[in-house]
Amino acid sequence: MKDKIEVKYDINPYMNGEFLNIFINGESIEKLCNTTGLIPSFLHLMDEDEEEQVWDMLESDSDEVSVLPILICSEDLDLSCSVVVVEVQKLENSVKWLRMGYGELGWIDESSLISSVPSFEFTHEEYDRCIRAFKWQRDVRLGRKALSFYVKQLFTLGELAVYETYSEPDQELKVLRTAEEFDAYIDINLEKKVDLLQFQLLYKEMEGDLWVRKYSLSPEHCDGHTFRYETIGLGAIGLSLNLYKSNLGIGCHVYGTNKEESRKKSEDYRYKNSLWGTWNWEVVEEKLEKLKDALSQIKEEARVSIMERKANNEVVMLIESHGYKAKIVDDNIISNFKENVLLGAWVYPQKFLDGIQSRFDVGVKFENDIELFESFSDFGKNENEALAKNIENFSRSSLPVFLDAFNDTEVYTEKERWQVNSLSWDVFIGDYNIKSSKGKSVEVPTNLFDEIEEIIAKEALTDEFYFVRFFYAQHNNKTAAIEFMINNVNIETAEDRLINLDWMRLESFYSLRSFLILKVCS
């Protein structure tokens, strides 16, 4: 029986607030090692170079024993003080932690082994999920392109002036009035390896004023600098960018205060009271919410891309369960299908309400380098449950069509011969995949497939293979979604036509999915 490894939020008297911690068989790793003040080395808190080395080792697929720093001092946050390491070995069916002790990156001190900690063995699935949990924290960090997109969004919400919160020493305060100026300013500071940038966002409709004050610096303590500017705006929206680990993304945070909080600040910090009363607080709060929502959406998209993981093992098992051989070579699935195709599968889990929404993609690459995809989405209480539903949808809908189309058989699907665009095609037609809540039976429009066939017959088909996908969903007696795709391209005219069929009306949710493959006859 394998040991259980998981990641949960924990508290530590040496840390501000909660942090992600590793638990093995229900016990935190810190308690297992009988230490205090140590935290996992995967929290993106160390020096950039050290952190990169740790993550390279953590994500390595090598089957050789490696010595991985697992805990570091929460005060020093580096690999030089009180570092607990573990010997890691990744085997074909499991991951082993052999011994724990104190040491350094790649080295364990034999005289400082922690004898009270036994060896552990984990499943690849749980171990990978543990690693990805720490990667989830990177959702607060945006890639450079994502940040540029957000910068553009800032300027779509109204006439905007972006003020430096603090000017550079002995420099005039910069005010950026276009997205291009703001983007260029960020690039300059990235090149200069500046750690932190802070701004005040002032939209004209907010009707407020900024207080710009100039204060003196001590040349003896400030590298010869004599002055600096600061901007204070009680209703201005704050934006901070952490650039110091830009290879992992840029930390982006937008914030502000409401009317009463600003009034208190005005009194407590002796800011000019006249500045407090000039703001249109309704507009201030509206702008802040829109900026927060836009940033949350971009971060979620970034997190999904980070959370992407291969799901090739699951597809290999499905193929083998149907009597074919399959193996993974260079991240591709190679099988003994009659048709020479490469398969690949990815899963993209993301948090949704109290559970997980998971998207499951399967790609097929043909000899002519054309690559086509099938995609499935579902929900679950956790990642395993959501992925299990993805796999079930794939195995019921598209996999049977794949197996017959790529082996020229009629084992799992109905095969027909069509004439389209003056060419003959073998058409492999999967069964309707119908899902309904509350166990309701669903009646399919009698002319649905005839309509689909007529739509395809009007297309100019010239490639060797075509994937055709149709999806329909209904809820509360209304169409909730409709999609008709040929080779991953939406055919809107087909969707307009199919939505008007005599679909059964139910208050509860139901969906229907149809998938077929066309293969030109040689």
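Laboratory data are not the source of any read-out in this text; all were calculated from the coordinates shown. As the structure is a prediction and not an experimental result, all values here were calculated from the model. Here Cβ is always computed from backbone atoms with ideal geometry, including for glycine, and neighbour counts include all displayed protein chains.
Stokes-Einstein diffusion for region 5-139, with the hydrodynamic radius set to the Kirkwood value over Cα pairs and evaluated at 4 °C in a medium of 1.567 mPa s, equals 87 µm²/s. By the equivalent-ellipsoid construction on the alpha carbon gyration tensor, region 308-400 comes out with semi-axes of 25, 13, 11 Å, ordered largest to smallest.
Expressed as a whole number of Å, what is the distance separating the alpha-carbon centroids of region 468-522 and region 66-106? So the separation of the two Cα centres works out to 51 Å. Only helices enter the 222 nm calculation for the chain: every DSSP H run of n ≥ 4 contributes -39,500 (n - 2.57), and dividing by all residues gives -8000 deg cm²/dmol, rounded to 500.
Each listed q (0.16, 0.19 Å⁻¹) maps to a log10 I(q)/I(0) for region 413-522 from the Debye sum over equal C-alpha point scatterers, namely -0.73, -0.97. Using the beta-carbon distance between residue 463 and residue 221 and R0 = 51 Å, what value does 1/(1 + (r/R0)^6) give for FRET efficiency, to the nearest 0.05? Once rounded, the FRET efficiency stands at 0.15.
Between residue 453 and residue 181, the FRET efficiency from the beta-carbon distance, with R0 = 60 Å, is close to 0.60. Multiplying the residue separation of residue 105 and residue 282 by 0.36 nm and removing their Cα-Cα distance gives an extension gain of 58.4 nm. Going from the residue with the fewest nearby Cβ atoms within 10 Å to the one with the most, 372, 154 rank 372, 154. Approximating the spin labels as points 7 Å out from Cα along Cα→Cβ, the residue 321-to-residue 191 distance works out to 5.6 nm.
Between residue 9 and residue 444, the modelled labels are 4.6 nm apart [label points 7 Å from Cα along Cα→Cβ].
Rounded to the nearest angstrom and listed largest first, the equivalent-ellipsoid semi-axes of the chain from its Cα gyration tensor are 50, 36, 21. Ordering 203, 432, 215 from the fewest to the most neighbouring beta carbons within 10 Å gives 215, 432, 203.
Here, region 68-167 is characterised by an Rg to Rh ratio of 1.22, where Rg is the alpha-carbon radius of gyration and Rh the Kirkwood radius. Take the Cα of residue 80, step 7 Å toward its Cβ, do the same at residue 504, and the gap between the two points is 7.0 nm. Neighbour counting of Cβ atoms within 10 Å sorts the residues 485, 206, fewest neighbours leading, into 485, 206. For the chain, the dipole from Cβ point charges (+1 on Lys and Arg, -1 on Asp and Glu) about the Cα centre works out to 1380 debye, to the nearest 20.
The HN-Hα couplings worked out from phi for region 476-487 by the Karplus form 6.51 cos²θ - 1.76 cosθ + 1.60 (θ = phi - 60°) are 6, 6, 10, 5, 9, 7, 8, 8, 10, 10, 10, 6 Hz, whole numbers, x standing for Gly and Pro.
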